[in-house]
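Report on the following structure.
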Amino acid sequence: MNGTADIVIVGGGAGGLAFAWAVAGPEVKVVLLERGEAVDQRRSPSLEPDWELALQTTFNANPNLRAGSSDHPVDDRDTPIKPAYYNALGGSTIRWGAHFPRFRPSDFRTRSLDGVGQDWPLSYGELEPWYDINDRMMGVAGLAGDPANPPRAPRPCPPLPLCPATEQLAEGFEKLGWHWWPSDAAILTEGRDGRAACNNCGPCGLGCPRHARASADIAYADAARAKGVDVRTRTTVTGIDFNSDGTRVQALTYLDSDGKVGRLNCENVIIAGNGLGTARLLLAEPRYRHELLGRGLMLHPTAIVTGFFRKQYKSYRGAFAASLISQEFYETDTPRGFKRGFQMQALRGQGPLTTAQGGYGTRLPWGGDHTTAFEESFGRTISLTVTCDDLPEDENRIEIDPARKDRWDMPVPKMIYRLGENTKAMRRFGIERASEALSAAGAWKIAVTKLSRTAGFHLMGTARMGRDDRASLVDRDGRVHGIENLTLADSSVFASAAAVNPTPTLQAIALRAAHAMRIRLGLSGVAAR
Amino acid sequence: MTTDDLLSILLDTLLPGDEALWPAAGQHGLAQKTRDMAALAPGGLEALETVLKALPSTLPDESRDIREQTLREIEAAEPDAFDKVVTAAYNAYYTDPDIRDVIATLTGYENRPPQPRGYDLPAFDESLLDQVKARGPIWRPVPDE
């Protein structure tokens with residue numbers, strides 16, 4: 001089956017859907033191809049008695065363990081942090097906690113300011129209007145005025161509530177005189193547009209039957225369709241056809257939902273498959289080569305420090321990952337022994353089964369001590385992540401294994417990653433500070449998970465953005481150097497990782513890139529419509 | 001002794017409960033459910049068979065301490081298989097409605113799915129931030145902004 005389109009977007013996740021909505025209009029034929037299915041969040045497992053089992057099966061964040069019909073294997077033997085993403089319309093925002101922080105201005109200038117990593121060819125100020133548009137589209141709850149960040153527009157909704165346990169944690173930060181602030185969250189606290197307000201149920205990662213928690217499909221897919229975008233799910237791109245000198249993409253080949261081969265001739269191609277998927281697709285194409293492709297993988301190594309409290313707080317109540325953050329140790333302070341910094345993010349307690357299985361840390365012991373351990377843990381814990389900025393190091397990378405193919409006949413990607421010395425020093429310092437905060441809040445016991453092995457959610461930097469085409473793969477608009485009609489619109493283009501979740505930034509980049517494309521095509525800009 | 005009898009003894013050793021409210025998993029009849037849960041994970045049933053085969057035939061006659069010691073030795077010898085069995089046992093135990101009732105009795109847990117009712121929490125109190133605001137900005141300006 002053959003077809004044509006003006007603009008084809010590969011990947012219907014956070015970046016791809018934002019780009020599709022922004023670039024669409026009556027003047028252009030836009031097709032979005034997503035390998036996964038649409039997920040009906042109105043039927044979330046959180047409505048079922050055995051809801052926690054879904055976290056281990058259909059909503060398992062690790063594609064190797066989930067092994068759903070849209071998932072391909074990932075060779076993760078050479079990384080201590082395992083891959084965590086979701087193949088569906090909406091991408092990993094189907095499975096996320098909706099914590100929604102922005103990068104800081106310094107995150108875009110780590111080389112100039114601190115002599116590490118890479119500077120971006122963009123600034124915070126240039127992205128700010130796109131952050132604002134994205135906040136309105138996704139529906140963000142929060143509170144402007146955070147002294148740890150530049151002033152920003154009023155948040156579309158008031159902040160999510162704290163709970164008794166996170167209020168106790170806030171008291172700990174107050175005792176120490178450290179920064180804390182309610183999280184920006186892509187979760188509505190006031191209903192709008194057919195979406196209800198959050199009712200604090202907790203397991204946002206199972207999808208939200210109220211559509212209070214945003215995901216890219218809820219926020220952007222219908223809006224994109226309304227502007228004429230042809231959204232095709234269960235459609236897996238398998239190849240990129242270049243012209244003879246490799247300077248232009250002519251077509252994409254794909255397998256449709258019936259397993260039939262298709263070819264789509266296109267004027268412009270956008271790839272938005274995250275730092276792993278985008279790199280894999282390009283690495284599989286012999287006509288495109290760049291020595292940095294796949295390199296500079298950044299993952300946000302994360303330690304989790306858990307405080308145990310005597311009081312039964314029912315700490316499982318409330319959005320699990322979106323209550324409060326501390327950015328007290330975000331910027332470089334050289335005497336600490338490392339460059340850049342980290343964020344601490346509160347994580348609430350979990351349901352009974354997940355508590356027993358260890359939650360964010362170690363599984364509770366079996367045997368005679370089990371019930372005591374459970375009673376000490378359930379509803380009585382609050383955790384802090386130590387989310388470390390991650391420097392782009394070339395040896396951390398995505399490769400493909402040409403000898404091992406998945407069922408779509410695509411080479412299996414391989415994650416190769418190890419923690420850098422800067423990160424290790426930062427993590428040690430961060431664990432000490434998180435323990436201090438939880439102790440100040442009154443925790444009687446502290447448990448430390450030095451490295452969350454399941455937290456490979458943030459796949460960044462394998463096709464970095466820059467001004468020099470030898471030191472980067474794409475320009476400030478996400479356009480691949482040397483290929484006139486290929487754009488990347490996801491976290492693969494990140495030149496630095498910052499110490500916060502990447503989704504608002506990758507979506508802002510995608511919106512800005514779509515705007516730039518419309519201008520290049522002689523159309524009106526996004527903000528003007 | 002049937003395989004399910006042996007599995008029940010294994011479960012009673014992993015999750016022995018207490019003398020108050022918590023039942024022992026095997027005595028509570030969770031053998032078949034544990035098999036069902038093992039089947040959810042890749043290699044789960046094979047893991048269960050590996051662990052069951054490793055159990056000595058004398059286990060039913062042993063004291064609780066000896067049973068526990070025996071399982072720890074199997075755990076050390078077959079860590080991956082044992083891990084999957086513990087996961088399945090916990091899954092069976094903590095999705096059982098009676099166990100959830102125990103948790104409700106002990107902690108006030110609402111024995112229901114999180115949705116559609118959710119939970120009530122008081123709105124965010126901005127006055128909690130007075131001191132944070134008073135300390136002033138801590139972000140780092142960038143020269144070219």
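The values are calculated or read from the model by the stated rules, or taken from the named source; none is laboratory data. Small disclaimer: the values here were computed from a predicted structure and weren't measured. Positions of Cβ are generated from backbone atoms using ideal geometry, with glycine treated the same way; all protein chains shown enter the neighbour counts.
Is it the case, given these coordinates, that B:Pro113 is without any contact (Cβ under 8 Å) to a residue 60 or more places away in the chain, facing chain A (nearest Cβ under 7 Å) and either among the aliphatic types (A, V, I, L, M) or outside any helix (DSSP H, G or I) (or both)? It is true that B:Pro113 is without any contact (Cβ under 8 Å) to a residue 60 or more places away in the chain, facing chain A (nearest Cβ under 7 Å) and either among the aliphatic types (A, V, I, L, M) or outside any helix (DSSP H, G or I) (or both). Here A:Ala527 does not qualify as buried (at least 24 other Cβ atoms within 10 Å of the Cβ), of a type in the set (A, V, I, L, M) and over 16 Å from A:Gly296 (Cβ atoms). There is no residue in region B:119-129 that is within 18 Å of the chain's Cα centre (by Cα), hydrophobic (A, V, I, L, M, F, W, C), at the interface with chain A (Cβ under 7 Å from one of its Cβ atoms) and closer than 30 Å to A:Ala356 by Cα. Being over 30 Å from B:Glu68 (Cβ atoms) and part of a loop (DSSP other than H, G, I, E, B) is a property that does not hold for A:Tyr360.
Screening A:Ile304 against (1) more than 17 Å from A:Gly456 (Cα to Cα); (2) touching a Phe, Trp or Tyr at 6+ places or on another chain (Cβ under 6 Å) leaves a single unmet condition, (1). Determine if region B:124-138 includes at least one residue that is at pLDDT below 95 and of a type outside the set (Asp, Glu). Within region B:124-138 (the criterion being at pLDDT below 95 and of a type outside the set (Asp, Glu)), the answer is no, since none of the residues qualifies.
Report yes if A:Val31 is in contact with a Gly (Cβ under 8 Å, 6 or more places away or on another chain), within 27 Å of A:Arg248 (Cβ to Cβ) and not small (Gly, Ala, Ser), otherwise no. Yes: the conditions hold for A:Val31. Looking at A:Ile398, is it closer than 30 Å to A:Thr235 by Cα and not in a loop (DSSP other than H, G, I, E, B)? Taking the combined requirement at face value, the residue satisfies it.
Scanning region A:143-166 for residues that are of a type in the set (Gly, Ala, Ser) and either within 10 Å of another protein chain (Cβ to nearest Cβ) or in contact with a helix residue (DSSP H, G or I) (Cβ under 8 Å, 6 or more places away or on another chain) (or both) returns A:Gly145, A:Ala148, A:Ala153. Only one of the listed residues (A:Arg407, A:Arg433) is modelled with pLDDT of 95 or more and not aromatic (Phe, Trp, Tyr). That residue is A:Arg433. If you go through region B:62-108 and keep only what is at the interface with another protein chain (Cβ under 7 Å from one of its Cβ atoms), surrounded by 14 or more Cβ atoms within 10 Å (Cβ to Cβ) and farther than 23 Å from B:Pro42 by Cβ, you end up with B:Glu68, B:Arg100, B:Ile103, B:Leu106, B:Thr107. Being at pLDDT below 95 and either within 22 Å of the chain's Cα centre (by Cα) or not small (Gly, Ala, Ser) (or both) is a condition met by no residue of region A:348-355. Summed over region A:448-488, residues that are of a type in the set (Gly, Ala, Ser) and surrounded by fewer than 19 Cβ atoms within 10 Å (Cβ to Cβ) total 2. Listed by first and then second residue, the pairs linking a residue in region A:55-76 that is at the interface with another protein chain (Cβ under 10 Å from one of its Cβ atoms) to a residue that is modelled with pLDDT of 95 or more and part of a loop (DSSP other than H, G, I, E, B), with Cβ atoms under 7 Å apart and 6 or more places separating them unless they lie on different chains, are A:Asn64/A:Pro73; A:Asn64/A:Val74.
Among the residues of region A:87-141, the ones that are within 14 Å of chain B (Cβ to nearest Cβ), acidic (Asp, Glu) and more than 13 Å from A:Ala495 (Cβ to Cβ) come to 3 in all. I'd like to check something: does region A:181-189 contain any residue that is in contact with a Cys (Cβ under 7 Å, 6 or more places away or on another chain) and either more than 10 Å from chain B (Cβ to nearest Cβ) or not hydroxyl-bearing (Ser, Thr, Tyr) (or both)? Yes: region A:181-189 contains one or more residues that are in contact with a Cys (Cβ under 7 Å, 6 or more places away or on another chain) and either more than 10 Å from chain B (Cβ to nearest Cβ) or not hydroxyl-bearing (Ser, Thr, Tyr) (or both). A:Pro335 falls short on exactly one of the conditions (1) more than 14 Å from chain B (Cβ to nearest Cβ); (2) in contact with a Gly (Cβ under 9 Å, 6 or more places away or on another chain); (3) at negative phi, and that condition is (2).
Please work out which residue is surrounded by the fewest Cβ atoms within 10 Å (Cβ to Cβ), limiting yourself to region A:503-523 and to residues that are in contact (Cβ under 8 Å) with a residue 60 or more places away in the chain and part of a loop (DSSP other than H, G, I, E, B). Checked region A:503-523; the qualifying residue surrounded by the fewest Cβ atoms within 10 Å (Cβ to Cβ) is A:Leu521. Return yes when A:Arg152 is of a type in the set (Lys, Arg), surrounded by fewer than 22 Cβ atoms within 10 Å (Cβ to Cβ) and in contact with a strand residue (DSSP E or B) (Cβ under 6 Å, 6 or more places away or on another chain) and no when it is not. For A:Arg152, the condition - of a type in the set (Lys, Arg), surrounded by fewer than 22 Cβ atoms within 10 Å (Cβ to Cβ) and in contact with a strand residue (DSSP E or B) (Cβ under 6 Å, 6 or more places away or on another chain) - is not met.
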